[in-house]
Every structure is written in C-alpha cells, then in structure tokens.
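Here is the structure we will look at, set down as structure tokens.
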Number of protein chains: 2
Amino acid sequence: MNKPDIKYLFEPDSVAVIGVSQEPGKIGYKVMENMLYTGYTGKIYPVNPKGGQALGYDILKSIEDVEGDVDVAVIAIPARFVYDAVVSCSKKNVKMLAIISSGFSEIGNLEEEQRVLNYAKAHNMRVLGPNIFGHYSSKVNLNATFGPRDINKGNVAIITQSGALGIAMIGKTAVQNIGLSSIISVGNKTDINEADLLEYLIEQEETKIILMYVEGIQEGERLVEVLKRATKAKPVIVIKSGRSKRGAVAAASHTGSLAGSDKVFDAIMKQCGVLRAESIQEALEWSKFLSHTSVPQGPNGIIITNGGGVGVMATDACEKYDIKLYDDQEKLRETFESVAHGFGSTKNPVDITGEASKADYVKALKEALVDDSIHCVMALYCETAMMNSQELTEMIDEMYGQYHAAGKPITFSVFGGELTESAITALHKKNVPVYRDVYDGVSCMGAVQTIRKIQNATPTEYVTADIDTDAINKIIDQALGDDRTFLLAEEGQGLLNAAQLTGPRGGVVQSVESAVALADDIGYPVVMKVVSRDILHKSDAGGVLLDLDNQEEVIDGYQTIIHSCKSNVPDAVIDGIEVVEQITAGTEVILGARRDANFGTTLMFGLGGIYVEVMKDVAFRAVPLSQNEIRSMIKEIRSYPLLLGVRGEARKDIESIISALEKVAVLISLVPRITDIEINPMVVYEQGTGARAVDIRVLLSDDKEDSPS
Amino acid sequence: MNKPDIKYLFEPDSVAVIGVSQEPGKIGYKVMENMLYTGYTGKIYPVNPKGGQALGYDILKSIEDVEGDVDVAVIAIPARFVYDAVVSCSKKNVKMLAIISSGFSEIGNLEEEQRVLNYAKAHNMRVLGPNIFGHYSSKVNLNATFGPRDINKGNVAIITQSGALGIAMIGKTAVQNIGLSSIISVGNKTDINEADLLEYLIEQEETKIILMYVEGIQEGERLVEVLKRATKAKPVIVIKSGRSKRGAVAAASHTGSLAGSDKVFDAIMKQCGVLRAESIQEALEWSKFLSHTSVPQGPNGIIITNGGGVGVMATDACEKYDIKLYDDQEKLRETFESVAHGFGSTKNPVDITGEASKADYVKALKEALVDDSIHCVMALYCETAMMNSQELTEMIDEMYGQYHAAGKPITFSVFGGELTESAITALHKKNVPVYRDVYDGVSCMGAVQTIRKIQNATPTEYVTADIDTDAINKIIDQALGDDRTFLLAEEGQGLLNAAQLTGPRGGVVQSVESAVALADDIGYPVVMKVVSRDILHKSDAGGVLLDLDNQEEVIDGYQTIIHSCKSNVPDAVIDGIEVVEQITAGTEVILGARRDANFGTTLMFGLGGIYVEVMKDVAFRAVPLSQNEIRSMIKEIRSYPLLLGVRGEARKDIESIISALEKVAVLISLVPRITDIEINPMVVYEQGTGARAVDIRVLLSDDKEDSPS
C-alpha cells in the first residue's frame, strides 16, 4: 500500500478539527475560527466528545460520526488522548494527521510518540508533528493554525521547526509585505519532515520561493537528494540555528534532534544549492527580493553612487557576497563618461557625485540598463539637496519599473533623513527593493547571483568506480562473524585492493629467488616481513626488515628473517615472506567517508597531520557527488597551495587524490555496512607519479543486516 | 609658537564665512543660513568681494574689514581663490580655516593644497579640509555645514572622511533619534586629522560616544596613542571601508589616501580598544545603545525567551559577539524555576514558553534584575496571543525603566506582526533598546560588554629591553655610508648581538687549539667557516664545513679549510676560522617589525614557512605594546597549538619567543632609521631550552637623518 500523497495536506477536500470546544480561546476553537476566517474551500468537521455548538457548526462527538471520508484531521487535545483519536481517524480513511498537541518526544515522551506513529503507519496515515502550531495552504485558503488569522497570500512557502518563530513569522511577513503560499510547522518531525514537504513544493505552482527554519536534520541522504532537485526548480533559503557549539547544545535540548557539526551542514547546503541566511531578517529580505526579481543574465555587477564612501562600502560588500564587479575600464568609460562629469568617476563604482540630480540618476541607470554586458545594478544614494523626497521616490519607482520590465535585477540603498525615510516607506509598499544599508542591498543581489549560478550549473554526473563489492562483503562477513565492528590491517588492505586503491605494492613469496624478482619489480628500497599466523609480534621475533636497498640485502634479509623467526619462535609455521614497497616521504593527505544518521553519507578531505588536527583545515561534501565537486573540495582547503607546489616544489599528483576520493565515495555508497572509512595517511607524490594509501581504518555497523546482493 | 588649540574649531567666539553670495542655493549662503537657523552663539561675518546683503547681514568685501580678530574662517569659494583668502585670514589672526572648497589633492591638485597648507602653517593657522561639507558643534550651536539644517542635539560625535555620507548621517541620526554633539568632515586631511579631533573630544563633556568613518589613516603612530587614551575615556566606534582588496583600491582612488592592509588595521583597532562596525547601520545601532546604557558590572549574560528557536539563534549570536552566557545550572534553576513552568527550561536560554504572559515576563526579568551574578539580559519575544500590543509595550517600557535605573544593560528582540511593530515604534521614540532581529540586540550587548573589558583593562605597561643602540647606529652608519639601505649578514649578526637576540653561538679563532676549545664550549655539532675578505664564495673555495661532531673532526676540519682555501685562492689573507653552533631542527617562527607611513610601527608574528606563506597565519600589533599584548598575539595564530606541543611533542619555549618579540619591538622603536626587521627563521626548541635567530633581514631608510643621540 502506498503512503498517501503529501498533496492532501495542502489541498484537502475535508478537514476534521478534533478538540474544538465551545470556549473561544482554546486552541481547537482558534484553529476552527482561522479556517472559517480564511474561507477554507473544503468541508469542516469540528469534533469534541462533549458535543455542542461552535462558530455556527454542530460539534460531532467523534470523527466517526462524519459521513464519508476525511482527508486531514487536525488534533488539538491533550497528549494522553491523542492515540485514541488517531485510532478513530483510521475509521474515516484520514490521510493526514496534523497533531498540534505537545507532550511527546520534546519532553522525553518518546514511547507515546512512537505508539501513535506506529498505529498511523500501520493504518496508512501520515503524521505532521506532533508539537506544531498547524499549517496554512493558500491553494485552498486553509489556515489550520492557532496563529494570526491574517496571512498575506503570495508565493513564499515557509517550513519551520520552531513553532513560536513560525507564528511570529506570519505576522512579520505581513508587516514586510511578503506573501505566503503556505507555512507548515513540522515540530517533532516524527514522520513528515522537510524532504516530504519539499517533494510537494517543488511542483507546486503557487510557490516560487521556499524558506526553511531548521534546527536539526534527519534522513540527510534523502534531504540532500530532494534539495538538489528543489534548488534547480526554485530558490531554497535555509536558516539553521545552532551554528555555535553552545547553540547546538541549546538546539538539541529544545527539540531533541541532533544539531550536528555546523561545518558539515554548511558544506552540504552549499553543495545542494541552498542559500543559507544568518538571521531571520536576512532570510526574509532574500525571500522578498527573490520573489519579485528576475535571475540576471550574467555575473557582471555595477555600482552607481553619488558618494564615494558608500561606493567603497558596497565594493567591500560585493566581495563578501561574491558579486563580480564589471571591470572593463574602457567600456565603462564609454558608457558612463557623459554622466560622471566633474569630480566623478567612470570606474566601477561609477561615481556621479553629490551634484547628481534626478535626471543624472535616470541617465546613468538607463545607460546601465541598455548595456548588455552589465547584468545587475546596485544603485546607492546619499541624501543631498539635489533631489527632494518626491523626486527620489519617482526616480527609484520609474527606474525599478524599467529594470523589472527588462528582467535586469536592481537594488537601491539609500541614506538620509526624513525625506529619504518617506521615500523608503512609499517604495516598500510597492515592493520596490530599497534598503537602508549598503550591505542589505548587496546581500540580496548576492542571493540572486547565487541563484543564477545554481540554476545554470551543468547537470551533475556522479562519479563511478569499479569496486569488487563481493570481496569486500566477504571481508566484512568475517569481521562481523568475529564480533568485530572494525577491520584488521590485512582486511583493510584487502578492502583497498578490492576498491583498486593503491597501497604499497608487494606480495608474499616462498623463496629467495622470488623475493629478489619481486623486489626488482617493485623497485628499491623494500620492506620484508614474515608471514605466519603463529607469530603475532613480528618485529619482536626479528620478522621485519626495513630499508633493503638492493638484491644482496634482499637475499641476506630473507635468510636473516627465516633464521631469527625460527630461533625466536621455534614451532612457528612460516607461510612466506612479504616483500613490500617502502613508502618514501611525500605529502600526506587524509581521505574519509562517514555514514551519519542525520547528515547521510559525507566525504572528507584534508592535508595530513597538523593541517587536519591543529588547523582544522578540512572540506566536506555529501555523497553521491560529481568529479567537479571533488575538485572543488580539494581546492577549498586553505593548504591547497601545498598540493600545487610551493617554495620550488613540484605540483603533487592531484589526479590521484581525485581518483582515490571517487573510489572512497563509491565504496561507502555500495557497502551499507561500512559506517566509517579513513585513509590516513595517503602519501601523494609528484604529478604523474601517483599516491599510496598507507593506512586505512574501517568501522562497521552490525545493525544493518543488508547482505550482499 | 604653539599651534592654535583645536578647541577654537568647536567653541569659536566668531566665524567668518568667506563666499556668502546674495543668491540662496550657493554653498556659502547655505552655511550662513544653517548658522543662523541653529542659533550660533558667537559673531558671524559674511564675506564676499561683491558685497551686498544676505540674510539680514551686510556682506563684508574682505575678512580684513572685520573689526577685531576672527576665530574660524569657513571658506566656500572656488579652489583657485582659496590661497588669497587664506592670506587675508592671516591678517585677522584666524585660528581655524575650514576649507569647504573642492579641487585640491582629491583630483590630483596636490601642489595648490600644499601651498595653502604651507602658508597657513607659517601663519599659525590650522586647516580643516579642504573638500569638506563643514562642521557642527552643539556646544555653541554652530552648524557651519551646507547639509541639513535640523541636527538632533545629543552626545554622539561623528568624524567622517566621506562628505556625502556625513551629510546623509545628519538626517539618518535624526530619523533614528540619535543626538549629536558634533559632526566634523575631515575631507583631504591636509592638516587636521582624526587624532587632532580626538584629543579635543576625549575631554569634551558634551561627547559620550565617538563615531568615525575612516577610509585611510595617516600618522598611525600618533593615532594609536590618542585612540588608546580616548577608548579609556569613552566608547570609540569606527567604520572603515576598503576591507576588501577591490574596496581598498576604490577607497584609494576616491580619497587619495592609502587604504592599507585591512588585517593590520583590524588588529590595531582591537588593540586600541576601538569597536569596529561592519556597516553604517551597525555603527549607528551601537552608538544609540551605548549612549543610553550603563556599562555592565561583569561578563555574565542571560537570554530570556518565549520561543526555543530564537533562543538558539541568540545563543549563536552570543558566540559571534563574544558574550559569556551565565552557566551555573543550579543557580539558574533556583532563580528561574518559578517562571519556567510546564515545557519551559531554566537553562540559559531561559525558556518561559509561548504561554508566557506579561506577568510572566515581568517576573522572569525581575528575577534576573535582582540576581547579582547576572550582569546583562537579552530578552526575546515571539508574538503570541498572550500579550496585546499595549501589554507588550508596557512590559518592555517598565522593565527597561527598572533595568536602566539599576544600571544593568538589557536589550529586547521582538518578532511579530502589526501589533509588535506598533510596540516597536512607540518604544523607539522613548529610546528603549528594542530590535527586530536577534542578531541586532545581541550585537549591541556585545558592544557594551567589549566596552566593559576595555575600560576595566589594567593599565598597559610597555615592554622594555636593553639594547645597545650605539653599536646599532654604527652599523647603520656604515651601511648607509656604503649607499646600502639593507644590512649584510655580518651586520645583521651585529644587530642581533646588540639587541641580545640569541643567534647561533660562536666566534672567530686563529688556532687549532682555540677552535677545539670554542667548539667544546659551544657543544657539538659545529659549523666552521673561513674568515677572509679575499674569499667571497666560501663554499666554492672549500671554506665551509658542516656537521663537525667532535674534537678530532674540528682539528681535521681546521686544517682542511686552511689547505683548501690556500690552494684555491693562493693570495688570500686568512683572518681566522669562524666556529659556530650548528642549528638543529626545531619549530621555525617568523618575527617581524615594520615602520609604516600610515599605520606607524607594527610587530608581526607567525609560524615559519608554509604557515605564513600559504596559510597566511600571522598576527599583528601596534608598537609600543605590553607583554600581555605580545602573549595575545602569539595565541592568536591558528597554529598556536603547535607551540604548545601536539602529537606527543613537548611544549616549545614560548618565553623565548616573547622575549625576542619584546626586543624586536623596542629595537625598531629606538632606532628610527630601521624601517623593516624580519627574523626568519627563528628556531624554537623545547620549553626552557631557548631559541635561535638564524637569519635576519634589515631594511633602512635614508630619509631619516636622525643621528644617534
């Protein structure tokens, strides 16, 4: 049986509200009142065992009294009664349970939450919440929340893990003239989570922008996959609290979901094409701007200003928000020389000076509008006596209108007193992007430029690798059979081989002649080690020799090892002698991969030793990923120049690192029983001469019973 | 003759305005109009060669027609007439010239600016500008600007390098209800700069907060000294644009002053106790908050919230703005258990839940108010149905009043719709610190906590060192005498010795016996080198031997060197053999000092090689400085753990680094002809076993004719 479609949550034909009392002020009553106020287009069934009347409706004593089926049941009764209500819901083929009630996992009552969930799952119902303020969907005018009744209709969908913040955002968006297509409180996320909702919102026409407030994530692997699809379709903005260590602890204590490492979260969001806002204010500004503007045709930005100081600040802000400033001096002079007269400048920032009038602004902005090599414009204005409030308002309004019509993004940052303030107020009402600080305007432009890059990115082709999973699964079976959740050194070596990851070259021989032949083949120096299950401490038994530089030393060495081992462990059965390439010094790197209950599978890369341990110089990406993403993660570390070669050293074999990371990523994807892989160190040599995985650590899960297919 | 006191700029008895025409709209007319409007308390003399009348005054044909002296002459005439006007001013003992006129160094006309300045200096007049919009001083109701006539009187002094921004800030501060004690446009800073103005403002009673907008600095050494005094007296906030590389270029093109390295600027401002704001908005928010709040009694902050989500965000923000969150769980429970009922939390953030009413907020905030271990409070509110707009306004107003009276800082961050918005509007009018975003409120609290630390810091005692400046000056005389502005290796060694900086130990000997004795004394291994002015390439001549491990090798080595050199360079006069300690491996660090025309003298520290070159892991401080400042700069680098010892290594001799940095700092201060010192590498050994300055590079200036005293 398929799970019911999330669509029913947003577009139900009928909604039962369980817990509608006759008393105004109670949550159930408020939900019902909101639904009526917004003019919900479907059928409404108020339910309360006490019966009676509310808001002109007869209250049903049980949902079972409804004739026919019910799509959504909103449950607003004490936690201890929820289970029974859910049981009743199953009788009416309810598809969605929106459980407003608190008192579940958020206060440690995991058992009851699980009991409700299990029943719902077994009876093919999906659960939103518990511990939510409800949900709103503009498509059917459904305000099934106990929040404000006035919700501004529009094209921004909000998904929020915090109830209090969600309710406040309804009011806040109305004040800021931001329209909502929906707002959904996910609460404890016992069943329906962000990924489920995104799946629906990707397709929903009413939604142009998705804004999420997240404290902790679950089902990371799926979320990443859905987010990647979502960001190709429409901008997704996320506010994640718990950035700081202490904040992460606070988030965990307040929602019961693990906040996880912020650095990993940040890397994954970037990889998914999600815009991450620091504050609610920033997220709302981005939402508003993106919901009205077009995506620019290219990267080139230009700053037009009547004051040098704010021009410099906007330049700083462009660096912060990664906006490319158009830099063709000759072209700029040509375009702007007629407007940057006197003490002005045609360089970018284009300074049209404090003498600039409305006409000068219009002229300069029109030049920028018709110039196809300019893709976005940040206009700045410091209040002068050259424009009164009305002229300022008209200039901005007209110019915004022309830019908007032409599909070229523009922002205005204006500084000044009452006159400027009244222009701002008038323009905000018309949704013109006018800001009180340079950074705010540039931040919004940075957001739309990022959206351009995301939407224009070439489709991702995930890396593949030829990996002998059968061999690996045999190794894992053996380890788990021994009650170990980690691999031994030889097993790790076996895994490297199965993944075609290059470790030190070598083999096991049974004669001096073969030892010499193998050593010749490997190249000197080599290491020799005794192979015997009877000798545990090889070095102590004289069974290991390093630095063997030529045939003679190999011949001597072979005999020395046999001799030492026989005299130190007389009864030992010697299976042979291992002859292995001796790893010479090179650049040490660390490659890691990890399967995490929250974030899903992630790949890690850094330079070895101090760079990772002390400098915390590491990069993360979600798996699966493309070769370009692997390249970008290598370039992201601060110590990347060391791989390119500094101080006269040659470039290192970066291609070998890429290839190894590909194999590690594919390996962990294909073998679900592996939770952690760390190759540390891998020694990388000069370009074209490869790399060697010297040591590997592998952790296993005994939970996953997935056996090799 | 002493320069006239800056006080005359702020408190003149008389002001002449040169360039007042009869036409309204002209700059001189506007300045005069503003002066009359504000009700300037002194005498006003309008001047224009054409004469006539303006604003009820007879226009004088020349300033020389004034009876008696004039304190300030505001000059607003075309650049080409300025010099003659300045000449006239000298006849009336004018003390301050405020030159509004543009057309000087900012457009490359350095010569005329210098001519005016030279004349003014020679006639004991000081110059503000040129290229300014004027200045305002509340003390005498003087608005000698061509900006807005309405200026909000208060306790914030603004110094601005950007004219357009300055004018806009007059209006902006009025809108935000921030009062000004003065606003001064410094323009090209040909004479009067920030340091001059700060000297006056430190003492001025009317000014409680100083806000500076800076593009480039000059006279760094003096500015640092004055800033240190200023920040002990009152908060100083700086906005410096040109953070980014491109921004720095834009700043330079627009003011003609070098923007310099932002990292160095940032370090120096922090050291001076200056608050650096990123944006104008942030600077204004800080100014407003600091001008009304008391400095907290201690570090402990507490967050009180009715929503978990915003609580977590505030926690993140506290980390960003370096606010310590009070953490005594037991004490917190005791204080707040009566208010954090139900699903709330007494942990910090204290969560009084969405059920919190006005009474609950009042109760919680009163508990925090009377608790002496809580030093500042950040209250958060998400709009709920539990408080209407009036209750919210009353609650915040009352609580702010009580906190204000008790001298305990508090901020309120509130989220919501129209009801919350109207509360904010009402409260802003009363200067209550209410914010629309968590980050804004926490940022302000961070500012006042920083001020507490600055004002409570123990007085700085600058490091001293015993340095033989005579010896160093002799070395420099010789180098400059040879037309070199750098020191040779041996000279560098001499400088290290004169500063008692430990280089490799050693000396020059003339016999095998002395060589052995010296080597024994140094400890093995040693290096031996021929000393001969006839042998330039010592290694080529066989004059250098490394790794001499014992007496025998020293004896052999001595003879080998003599023999090789005699046969390779037969006519060479050999002065002796240098026997030097061979530097063994250790941790390499770099110590640097630099005298810079803008920033003054700065000290630099970082770990050697890749850490500085690739990772850019360096710290800067202004000189002079205290030992604590040296310690903090060492701790500031990301690679600091390497000095503490990682991966089982011992702690390095950090005391030796401190001592060497002290010597370098004192050395560059005492010897003005040195512009750059770089010790690279200095090899540091384990704690207690010292460090060795292996190589030193010294650059000299031949400009400074300061000879040794």
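Values computed for the structure shown
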| read-out | value |
| --- | --- |
| All lysines inside 17 Å of B:LYS270 as judged from Cα atoms, apart from same-chain residues fewer than 8 positions distant | B:LYS228, B:LYS232, B:LYS234, B:LYS240, B:LYS320, B:LYS453, B:LYS635 |
| 15 Å beta-carbon shell around A:ALA340, net charge (K/R +1, D/E -1) | -4 |
| Distance in nm between pseudo-label sites at B:ALA517 and A:ASP58 (7 Å out along the Cβ direction from Cα) | 12.2 |
| Cα→Cβ-extended label distance, 7 Å offset, between A:LYS50 and A:GLU613, nm | 6.7 |
| Degrees, to the nearest 10: A:551-568 long Cα axis against longest axis of chain A | 80 |
| For A:ASN456, inter-copy label distances in nm, listed shortest first [label point 7 Å out on the Cα-Cβ vector] | 5.3 |
| Scattering curve values for the protein assembly as shown, log₁₀ I(q)/I(0), Debye with Cα scatterers, q = 0.04, 0.05, 0.06, 0.07 Å⁻¹ | -0.33, -0.51, -0.72, -0.95 |
| Inter-chain Cβ neighbour average for residues A:383-391, partner chain, 10 Å | 3 |
| Those aspartates and glutamates that a straight Cα-Cα span of less than 20 Å connects to A:LYS430, excepting residues fewer than 8 apart in one chain | A:ASP150, A:GLU282, A:GLU285, A:GLU391, A:GLU394, A:ASP397, A:GLU398, A:GLU418, A:GLU421, A:ASP440, B:GLU418, B:GLU421 |
| Cα-projected label distance for B:ASP322 with B:TYR37, points at 7 Å along beta-carbon direction, nm | 4.1 |
| Full-extension gain in nm, B:LYS363 to B:GLN500, via 0.36 nm per residue minus C-alpha separation | 42.9 nm |
| Eligible lysines near B:LYS43 by straight Cα distance, threshold 24 Å, same-chain separation 8 or greater | B:LYS3, B:LYS7, B:LYS26, B:LYS30, B:LYS61, B:LYS91, B:LYS92, B:LYS95, B:LYS139, B:LYS153 |
| Identity and axial distance of the chain A residue whose Cβ lies nearest the axis relating A to B, Å | A:MET615, 3 |
| Equivalent ellipsoid semi-axes - Cα gyration tensor, region B:586-709, angstrom | 27, 14, 13 |
| Estimated translational D of region A:505-582 in µm²/s (Stokes, Kirkwood radius over Cα pairs; 20 °C; 1.002 mPa s) | 179 |
| Isotropic mean projected area of the C-alpha convex hull, region A:63-194 (nm²) | 7.8 |
| Hydrodynamic radius (Kirkwood) for region B:460-521, which is based on Cα pairs only, to one decimal in Å | 13.9 |
| Copies compared at A:ASP5 - label distances in nm, ascending, label defined 7 Å from Cα in the Cβ direction | 8.4 |
| Stokes-Einstein D for chain B, Kirkwood Rh over Cα pairs, 25 °C, 0.890 mPa s (µm²/s) | 82 |
| Surrounding net charge for B:SER261, when Lys and Arg each add one and Asp and Glu each subtract one, Cβ distance under 12 Å | +3 |
| Pseudo-label separations to other copies for A:SER338 - Cα-to-Cβ vector, 7 Å, nm | 7.6 |
| Using a Förster distance of 60 Å, the FRET efficiency for A:ASP466-B:SER567 (Cβ separation, nearest 0.05) | 0.40 |
| Averaged over A:312-325, number of beta-carbon atoms from partner chains that fall within 10 Å | 6 |
| Normalised convex hull volume, region A:295-456, alpha-carbon set, Å³ per residue | 96 |
| R0 of 35 Å, Cβ-Cβ distance B:ALA489-B:ALA650: FRET efficiency to nearest 0.05 | 0.65 |
| 222 nm mean residue ellipticity, helices alone, for the protein assembly as shown (DSSP H n ≥ 4; -39,500 (n - 2.57); rounded to 500) | -12500 deg cm²/dmol |
| Helix B:469-481 axis, angle to chain B major axis (alpha carbon atoms, nearest 10°) | 80 |
| Cα-based helix-to-principal-axis angle, B:79-91 vs chain B, degrees rounded to 10 | 90 |
| Other protein chain Cβ atoms within 10 Å, averaged over every residue that makes up A:346-356 | 2 |
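Read-outs: derived from the displayed coordinates by stated rules, not from any lab. Predicted, not measured: the structure shown is a model, and the values here were computed from it. Every residue, glycine among them, receives a Cβ derived from its backbone with ideal geometry; neighbour counts consider all protein chains shown.
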